[in-house]
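Structure first, commentary second.
The values are calculated or read from the model by the stated rules, or taken from the named source; none is laboratory data. None of the values given here were measured: they were computed from a predicted structure. Cβ coordinates were reconstructed from backbone atoms using ideal geometry, including for glycine residues, and neighbour counts include every protein chain displayed. Ligands, DNA and RNA are excluded from the accessible area calculation, which covers all protein heavy atoms including side chains. Shrake-Rupley method; radii C 1.70, N 1.55, O 1.52, S 1.80 Å.
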Amino acid sequence: MPYQAGNRLGGESASKLGHLDVLNSLFVNEVVQQFEKPDLSEIKAPDIHWYEVDQNAVPLKYIFASDGSLQHLASTGNPKREISYVKTALLRLDPFMIEKIDPDYPHPYQLRKIMTDSAQHHATVFPMKNITIHGTEWISGLRRLIFDSFKDPQLDGEPYETLKWILYKKWFGGQKCRSPSFECPECYAENSGMEFDADTTRCSSCGSTLFITDVLGLHMEMSEEAASETLASAYMMIHETMMLFTAIRYLWNRNHKVLCDTLFLKDGPLTLRGQYSKIVPNIRDFLAYAMQKGAPVHLCGQEKTGKFVDFFQGTAHLFKPLDKVDVPRFSPLSHKFIHSEVQRKREPQYPYGYRTNYGEKVLLKQSPHHLFVLNIPTGQYLDDDDKPNCKEDLIGIDRIMATIPKMISYRHESALVPIELVNGIASLSNYPSATVLKLFSGLE
Ligand SMILES: [Zn+2]
């Protein structure tokens with residue numbers, strides 16, 4: 001019971017409560033108000049440095065883009081069977097081809113011609129539930145399926161060769177590297193890595209046949225009877241990366257001049273998380289080595305959603321260009337800035353992206369309405385909280401930036417034509433379900 005108000009002093013708790021109530025409702029009201037009507041004047045410009053895009057840089061001559069898609073399909077009837085259908089695609093085109101496409105109303109026939117003339121795709125299927133693989137244990141059957149999928153004869157096994165090229169660091173020529181170490185999927189014994197160029201080996205503990213694709217650790221997504229949906233998405237993510245690196249490997253082995261004149265575009269960040277991050281050091285090694293050999297690889301990922309896109313969209317109005325005629329600008333985001341301002345982590349365990357990223361975040365404001373969150377490699381990881389902070393840190397940034405205006409699409413916000421096209425190839429809509437069921441039937 002609160003003290004009742006006397007003649008001299010007001011009541012105690014009642015006024016305190018009233019006070020709190022007012023505070024609460026003010027706070028709640030403020031949140032609600034800002035949610036409904038943002039006060040843009042309250043947003044402070046983040047402390048990042050912007051650089052003007054070099055107007056004299058030469059655009060790249062060729063473009064490769066890769067992407068993937070996946071779909072989970074469930075059967076009718078009993079028992080309900082489930083599969084995941086994965087597709088990845090690689091597209092080659094050049095700015096000249098893009099110029100011929102009407103940016104506002106592209107002709108479907110023209111697009112289809114580009115897709116059939118210049119694209120390659122890969123498709124595979126994973127059993128998810130109530131599907132048995134005859135004649136073998138579930139996990140070893142799935143491991144075999146992953147191995148066989150990588151070796152897809154439709155692509156002459158090229159993405160598989162690229163995977164081996166990365167795992168065994170084959171760009172070094174004479175040097176015979178082992179693969180990264182891994183755990184036996186059958187008995188969990190540690191394997192110190194497969195011998196140079198091996199496709200398979202035997203586990204010294206349990207005698208199981210181990211495939212080079214086991215090094216990736218996709219089996220960690222599987223349980224005894226079912227594969228998790230993340231298996232399909234992890235496979236897709238790795239395969240679309242291998243598709244893009246197949247183009248890089250091909251040119252590295254044959255023509256450094258064309259390699260240096262090519263933009264390699266990936267839909268999404270240049271990141272491999274979890275157990276897949278074990279190939280990140282190898283990718284960085286290659287990019288650094290190519291740079292050192294005078295053959296910079298112009299690799300670029302575009303993030304279309306996520307924290308960085310939200311962050312950029314929320315603050316872009318504070319930065320130039322504010323007018324169409326202004327020069328475009330870009331800003332590399334340092335590890336420190338990302339931790340404190342984008343991720344809002346107080347005491348991060350690792351430097352930003354240390355284990356997982358082979359590209360750094362770069363914001364590009366091409367025009368008042370064209371905002372891009374790009375990922376651009378630095379070669380080896382820059383183990384410095386203030387990095388990257390200048391264009392010298394980022395491989396080939398001037399020519400990458402000079403190529404962006406040649407690829408802008410007007411069909412979607414901040415979209416790039418090659419990524420739009422490769423999305424189209426990798427999307428499943430053009431594949432009737434009959435094809436999927438045909439693939440499916442061989443497994444039953
Ligand atoms: Zn074993």
Determine which single condition residue 74 fails, assuming it passes every other condition in (1) surrounded by 18 or more Cβ atoms within 10 Å (Cβ to Cβ); (2) closer than 24 Å to residue 233 by Cβ. (1)
Does residue 69 satisfy the condition of being touching a Lys or Arg at 6+ places or on another chain (Cβ under 6 Å) and hydroxyl-bearing (Ser, Thr, Tyr)? yes
Scope region 311-332; condition outside any loop (DSSP other than H, G, I, E, B) and either open to solvent by 20 Å² or more (accessible area, probe 1.4 Å) or β-branched (Val, Ile, Thr) (or both); matching residues: 311, 313, 314, 315, 317, 318, 329
Which residue is farthest from residue 250 (Cα to Cα), if the candidates are limited to region 153-180 and must be open to solvent by 50 Å² or more (accessible area, probe 1.4 Å) and at pLDDT 95 or above? 178
Given the conditions (1) surrounded by fewer than 17 Cβ atoms within 10 Å (Cβ to Cβ); (2) under 24 Å from residue 211 (Cα atoms), which single one is not true for residue 150? (1)
Based on this model, can you work out whether residue 210 counts as part of a strand (DSSP E or B) and open to solvent by less than 10 Å² (accessible area, probe 1.4 Å)? yes
Residue pairs, Cβ under 7 Å, 6 or more apart or interchain, first in region 68-83 and within 19 Å of residue 142 (Cβ to Cβ) and among the basic types (Lys, Arg), second open to solvent by 60 Å² or more (accessible area, probe 1.4 Å) and outside any strand (DSSP E or B). List them. 81/130
Quick one: how many residues across region 375-418 are open to solvent by 60 Å² or more (accessible area, probe 1.4 Å), under 24 Å from residue 304 (Cβ atoms) and not in a helix (DSSP H, G or I)? 4
Residue within region 331-340 that is modelled with pLDDT of 95 or more and hydrophobic (A, V, I, L, M, F, W, C) present: yes
Looking at (1) among the charged types (D, E, K, R); (2) open to solvent by 40 Å² or more (accessible area, probe 1.4 Å); (3) under 30 Å from residue 57 (Cα atoms); (4) in a helix (DSSP H, G or I), which one does residue 240 not meet, given that it meets all the others? (2)
Which condition number does residue 342 fail, the rest of (1) free of Cβ contacts under 8 Å to residues at least 40 places away in the same chain; (2) open to solvent by 40 Å² or more (accessible area, probe 1.4 Å) being met? (2)
Inspect region 214-225 for any residue being out of contact with any strand residue (DSSP E or B) (no Cβ under 7 Å at 6 or more places or on another chain), in contact (Cβ under 8 Å) with a residue 40 or more places away in the chain, farther than 13 Å from residue 163 by Cβ and more than 16 Å from the ligand (Cβ to nearest atom) and give the result as yes or no. yes
Only listed residue being in a helix (DSSP H, G or I), among the aromatic types (Phe, Trp, Tyr) and open to solvent by less than 10 Å² (accessible area, probe 1.4 Å), chosen from 337, 372, 286, 308: 286
